[in-house]
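Presented below is the structure to which this report refers.
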Amino acid sequence: MKIHVQFYAQLRDLVGTRQLDIDLLEGATVHDLLAKIYAQQPTLRPHDKSILIGAGVEFVDRNYQLKPGEEIAIMPPVQGG
């Protein structure tokens, strides 16, 4: 299944692109998605503990089961000012 991933803020700068399409097996989770992204984009791995994952308009955890064609947002922590 294909998952559309969008990167925001400094994570977008680290990856060098705003979005990627990632192919995963049916039943994959956010954890599986991140493992594949980190294999392709190792500069993101140091940020693993602090990133936020969004599916649609909700934040999800790493056990969230992905759906074919889903759009996933990968963001740094929200900072106020």
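Numerical summary
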| item | result |
| --- | --- |
| Qualifying residue in region 47-59 (condition: touching a helix residue (DSSP H, G or I) at 6+ places or on another chain (Cβ under 7 Å), closer than 17 Å to Pro77 by Cβ, open to solvent by less than 80 Å² (accessible area, probe 1.4 Å) and part of a helix (DSSP H, G or I)) | yes |
| Any chance Leu24 is modelled with pLDDT of 95 or more, over 11 Å from the mean Cα position of the chain (by Cα), surrounded by 15 or more Cβ atoms within 10 Å (Cβ to Cβ) and of a type outside the set (Ser, Thr, Tyr) | yes |
| Positions within region 63-74 being within 19 Å of Val15 (Cβ to Cβ) and either in a strand (DSSP E or B) or in contact with a helix residue (DSSP H, G or I) (Cβ under 6 Å, 6 or more places away or on another chain) (or both), in sequence order | Glu71, Ile72, Ala73, Ile74 |
| The listed residue being open to solvent by 80 Å² or more (accessible area, probe 1.4 Å), modelled with pLDDT under 95 and not charged (D, E, K, R), out of Gln10, Gln65 | Gln10 |
| Unique match (being in a helix (DSSP H, G or I) and exposed (fewer than 10 other Cβ atoms within 10 Å of the Cβ)) among Ala35, Ala39 | Ala39 |
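The values are calculated or read from the model by the stated rules, or taken from the named source; none is laboratory data. Because the structure is predicted, anything quoted here is derived from the model rather than measured. Counting neighbours? That spans all protein chains shown, and the Cβs are built from the backbone with ideal geometry, glycine included. Areas reflect the complete protein model, heavy atoms only, side chains present, ligands, DNA and RNA absent. Shrake-Rupley method; radii C 1.70, N 1.55, O 1.52, S 1.80 Å.
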